[in-house]
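Notes to accompany the following structure.
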Amino acid sequence: MRLVTLSLIAVSACFAATPDLSGDWKLNTTKSEFGQFPAPSSMTQKVSHAEPNLTVETKMASDMGEFAINAKYTTDGKECTNQGFGGSEAKSTVKWDGDALLMETKGSFGDNQYTMKDKWTLSEGGKVLTIQRTFSSGMGDVTQKMVFDKQ
């Protein structure tokens, strides 16, 4: 009987539901860290998530102006192509690692190639989205933590 119970627990763990990242998210600048980059004056993300499809509409304002990027991904590890910084092409792979969503994006701005690795996690009962980011380019590496509150 114990073996059957352990087997059922193992099977349940394999089919556990992934977190639903859907929602309207607003950057909490006081809880966020931007490394050597200046913090944006505002940033929102509208996330639509229906496994394996993920759509992220980002709006950001900073001293350099206002930006909007709309991206579509799949969480199955297949490469997705979207518009990146400055209208250039960016290629991403997205997959789950337990309850964390891992996203790796490669692209360029001007002649500078970059790699951006994100780890998305939910906390506080799904009301806080944290994105840990490592941004690497020819100009060096920057680590950031962006904390978003669900609206």
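The values are calculated or read from the model by the stated rules, or taken from the named source; none is laboratory data. What you see is a predicted model; the values in this text were computed from it and never measured. In this analysis, Cβ positions are derived from the backbone assuming ideal geometry, glycine residues included, and neighbour counts consider all displayed protein chains.
Scan the stretch 123-139 residue by residue and report those that are touching a residue at least 12 places away in the same chain (Cβ under 8 Å) and either surrounded by 15 or more Cβ atoms within 10 Å (Cβ to Cβ) or part of a strand (DSSP E or B) (or both). Before the answer, list the steps.
Going through the stretch 123-139, the residues touching a residue at least 12 places away in the same chain (Cβ under 8 Å) turn out to be 126-139.
Those that are touching a residue at least 12 places away in the same chain (Cβ under 8 Å) and either surrounded by 15 or more Cβ atoms within 10 Å (Cβ to Cβ) or part of a strand (DSSP E or B) (or both): VAL128, LEU129, THR130, ILE131, GLN132, ARG133, THR134, PHE135, SER136, SER137.
Among the residues in the stretch 21-44, are any hydroxyl-bearing (Ser, Thr, Tyr), touching a Ser or Thr at 6+ places or on another chain (Cβ under 8 Å) and closer than 26 Å to ASN112 by Cβ? The answer is yes, given that some residue of the stretch 21-44 is hydroxyl-bearing (Ser, Thr, Tyr), touching a Ser or Thr at 6+ places or on another chain (Cβ under 8 Å) and closer than 26 Å to ASN112 by Cβ. Once the stretch 58-84 is narrowed to residues that are in contact with a strand residue (DSSP E or B) (Cβ under 6 Å, 6 or more places away or on another chain) and outside any strand (DSSP E or B), the residue that is farthest from LYS95 (Cα to Cα) is GLY84. Checking each residue in the stretch 15-38 for being within 12 Å of LYS145 (Cα to Cα) and not in a loop (DSSP other than H, G, I, E, B) picks out LEU27, GLU33.
May I ask you to verify whether PHE85 is among the aromatic types (Phe, Trp, Tyr) and either at pLDDT below 95 or at positive phi (or both)? Criteria met by PHE85.
You will find that of PHE85, PHE109, PHE67, the residue that is aromatic (Phe, Trp, Tyr), in contact with a helix residue (DSSP H, G or I) (Cβ under 7 Å, 6 or more places away or on another chain) and without any contact (Cβ under 8 Å) to a residue 40 or more places away in the chain is PHE109 and no other.
Only one entry in THR44, THR55 is in a strand (DSSP E or B), under 20 Å from LYS145 (Cβ atoms) and at pLDDT 95 or above, namely THR44.
Within the stretch 116-151, the set of residues being within 16 Å of PHE37 (Cα to Cα) and among the polar types (S, T, N, Q) comprises GLN132, THR134, SER136, SER137, THR143, GLN144.
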